[in-house]
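Data block below; observations after.
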Amino acid sequence: MSINIVFWLIGIIIVLIVFFSGIRIVRPTHRALIEQFGKYHRFGQPGFHWVVPVIQVMYKINVTEQMVNAEPQEIITNDNLNARVDAQVYFRVKSDEESVKASTYHVNNYQVQIVNLARTTLRNIIGTMTLKSANSERSRINSELLKTLLNETSSWGIDVVRTELKEIDPPKDVQETMNKVVKAENEKIAAIDFATATETMADGQKRAEIKKAEGIRQAEILKAEGDAQAIQLVNEAADKYFVGNAQLLRRLQTVEEALKNNAKFVLPTDQELVNVIGEMAGVIPLKDKKEKP
């Protein structure tokens, strides 16, 4: 094999090594900055790229939404209590060329800078609030934190999506006192609810008894009215059919009741049954026409 062929083979191998060593692939989740001799050269979109080894360098920037933890810290509230505060910040690098360049060239390690800025902002916000108001106004704290981060990072080429306050924990002794207060309040509410329920049940029973008494009273009134109407009808009948014989009518009723209840009578041997019943009813039997006066 001649020396020329060897040189050619060596040259081809070197070219292949250089070519493959310069291949770069940018994923859709990233954008790239390509520098040449330490200066910005061009912007890399997702896809295939080739850079000159040694001469050019590619830096890939993640443009998806990311989260950083602001790290728990002790903050003195306006009422001189040490509250343990923790928060999270969600952000993303904008995908256009100028924003990607700004996230690299305008700020040194934007993730660390966001964490420090969030911690400082939280101290400034919560330091002017009492512990109670800080716990009850979390949405306000999130809004103010987000507004401050958006203003401070506007030149960094990033977009702060949202901030979330994870926890505001008071000192242990304060937490125990708050738990006791909450427990007492819950017991008070439960006692009030129980008393209200008992009163409602008593009122219901009272109304039921009143309704029952009214029903009995109404029934007795109706019964009395019915008896009065019956007596009135009997009197009207007596006046109509037994004029002057009211006493006789009463005796007939007495006989009727006596016979209905299976009463027993002792009859004299010298009187007939018809005559006895007639005497009980107050009816004078007719004399036999054949009897002499």
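The values are calculated or read from the model by the stated rules, or taken from the named source; none is laboratory data. Keep in mind that this is a model prediction, so the values were computed, not measured. Neighbour counts are summed over all protein chains in view; Cβ atoms, including those assigned to glycine, are modelled from backbone coordinates with ideal geometry.
Looking only at residues of region 127-157 that are in contact with a helix residue (DSSP H, G or I) (Cβ under 6 Å, 6 or more places away or on another chain) and at pLDDT 90 or above, we find that the one that is nearest to residue 98 (Cα to Cα) is 157. Would you call residue 82 closer than 30 Å to residue 132 by Cβ, in the same structural domain as residue 132 (by TED's automatic domain parsing) and either touching a helix residue (DSSP H, G or I) at 6+ places or on another chain (Cβ under 9 Å) or among the polar types (S, T, N, Q) (or both)? So residue 82 fits the description; yes.
Counted as qualifying within region 80-140 are the helices (runs of 4 or more DSSP H) with 1 or more residues that are over 22 Å from residue 169 (Cα atoms), aliphatic (A, V, I, L, M) and free of Cβ contacts under 8 Å to residues at least 24 places away in the same chain, namely 110-126. Any residue in region 124-131 that is within 29 Å of the chain's Cα centre (by Cα) and either closer than 14 Å to residue 90 by Cβ or not assigned by TED's automatic domain parsing to the domain that holds residue 91 (or both)? Taking every residue of region 124-131 in turn, none turns out to be within 29 Å of the chain's Cα centre (by Cα) and either closer than 14 Å to residue 90 by Cβ or not assigned by TED's automatic domain parsing to the domain that holds residue 91 (or both).
Could you go through region 45-55 and let me know if any residue there is out of contact with any strand residue (DSSP E or B) (no Cβ under 8 Å at 6 or more places or on another chain), surrounded by 13 or more Cβ atoms within 10 Å (Cβ to Cβ) and not assigned by TED's automatic domain parsing to the domain that holds residue 165.
So in region 45-55, the residues out of contact with any strand residue (DSSP E or B) (no Cβ under 8 Å at 6 or more places or on another chain) come out as 53-54.
Narrowing the set further to residues that are surrounded by 13 or more Cβ atoms within 10 Å (Cβ to Cβ) leaves 53.
From the residues that got through so far, the ones that are not assigned by TED's automatic domain parsing to the domain that holds residue 165 too are 53.
There is at least one residue in region 45-55 that is out of contact with any strand residue (DSSP E or B) (no Cβ under 8 Å at 6 or more places or on another chain), surrounded by 13 or more Cβ atoms within 10 Å (Cβ to Cβ) and not assigned by TED's automatic domain parsing to the domain that holds residue 165.
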